[in-house]
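Structure first, then comments.
We did not get these values from a lab; they are worked out from the coordinates using the rules stated. In this text, all values refer to a predicted model and were calculated from it rather than measured experimentally. Note that we place each Cβ from the backbone using ideal geometry, even for glycine, and neighbour counts take in every protein chain shown.
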Amino acid sequence: MWKFWQLETFGIAERYSNQEDLIYYLHQKSPFSFSIYKSDYFRNAIILTNLIGSLVKTDNAGKYNLYLAEKLETTLDKKTWKFTLKKNLSCESGEKITASSYAKNLTESLKRYSRSGRLLEFEKLEGAEKLDDWNTDKIPGISSDGEDLIFNFKERPEQLFERLADGYFGYICAGNFEKDNFTWKNEQTIISSGPYRVEKVNSEYDILLSYRTDVLGVNTIDFKNVRYKIVSDPSEINEKTFVAQLNHVIPKRDDVDLIQGVPTFTVNLSLPIWDQSIFQDIEARRYFFYELYKQKQKYPYSDVSTIAANSFFPLDQRDYFSEHYDKNRIPPWKFKKTKSAIVSLSTVLPIEYQKLLLKIIISIGKKMNFDVIEYNAEQHQPIGPENIKPFDIRITSVDMDAVPYFSLLDMIFCSELGVRYSDFDGHVCGFIGKYISSHKGPLSAEQREHLHELIINYGLLMPLAHRSLTYMYSRDINLTSVSASGLVLMPELLKKK
């Protein structure tokens, strides 16, 4: 028996005669790329949201809506999902997007991701084990019938909407890859399957998108062009119609409105896994984080959108690290020969605090006998091809949601999708695997405590801060549907007053 889901399709705003472009200001000067493999950088993810079409998308209020699909039905046991795709969909290159091509496209994406990590909810698909074989063309869990794209799962997926809304599992047009179907062809370009296409890259800090009238077969949209720009000082913004993502400074202006989310982002310092990392020894990691904790406690940072953190989870102010260090002595540790540590401070934290953290790391290096090489993200000189491997020490932020679930932990510890936190020896992924299928709700207090024990015992990361997103926008834009959850604002859903 089938259940019909009453998910709304994305509404398109009525066209206005005095249509204007939208300027979307971002504050991060992180490395720029259109590659799906580099979308762990937040500003890249925001831009890619409008360049990759997916079966569902979240609106500005956090609600899931059908996008490239127009109808959804599931069996009552939720093991079979049938999406009916809209007609006449295509990539900007002309590649047709049909149920059949979507099944093949997603299968290819899952094969790419299976090379380096877990596949999250898609591991529950019938025949998912075959995705490790590069010669696999199809699996029983993904099929098509006319205009219907069908998923068959061995067990009920709990967060399929969340994963289908991710750009990773959207329709990635085939022309973006080299002949090996794995390597991204050109990080400065992308063939779009989403609502917008790249019109012009003026610079890595100034990117113009234009609305695709062909993707959904309509041409009624408030903003035909969206321009993404980097701004250091939001008080310098003087355009008429804009949205600005603010960081640490809220300008005093009486001609704009503000919306601030809850602090769902956690900023962490981690020690990425790679074959030449200097932190292979567990005792080295333990002592490094012990020293980092002691010194960062002397300089707790906070501003209008940031609070100091001693917990991996936002809205959890328990100091797990202090409790552990009070009971467990961490002996000094020193490299026998001087090492060099590559440090990435590309982060949402302000420059002043980054400099303080770098100073702390240098002082720890003197105790442990390693030198510090700072990676300058603004110079965009990549040291290696993958998102975590070039660095020994890295600061990143991740949206943990207000309520933590095992499925999210599975993504950030056990897959290569988005920000990846190292799990030396697999203890965290083992813990996640124990509960991810049987535990349906958020983590219990006991489970949160156990996760922190693993993080501390095996020297995986150190929480630095919890952050919220703050937006400033011109008053000719209507944001009445926007929640304060910190979600990305989509130009397609911003309506003019």
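Odds and ends about this structure:
- Model label sites at R475 and D281, defined 7 Å from Cα along the beta-carbon direction, differ in position by 6.3 nm.
- Chain lengthening between E453 and K96 when straightened (0.36 nm per residue, less Cα-Cα): 123.6 nm
- Theoretical gain in end-to-end length, Q188 to I150 [0.36 nm per residue, Cα-Cα removed]: 10.3 nm
- Counting only DSSP H runs of at least 4 residues, each contributing -39500 (n - 2.57), and dividing by the residue count of the chain, the helix-based mean residue ellipticity at 222 nm comes to -6500 deg cm²/dmol.
- Positive-end extreme of charge dipole, the chain - chosen from G433, T266, I351 (charges on Cβ): I351
- Using R0 = 35 Å, the C-beta based FRET efficiency linking K78 and V201 works out to 0.25.
- Contour minus Cα-Cα distance for A308 and D137 (0.36 nm per residue): 56.7 nm
- Listed candidates [x] 23.2; [y] 43.2; [z] 32.1 - label of the one calculated as mean projected area of the Cα convex hull in nm²: [x]
- Fewest-first ranking of R212, R112, using other Cβ atoms within 10 Å as the exposure measure: R112, R212
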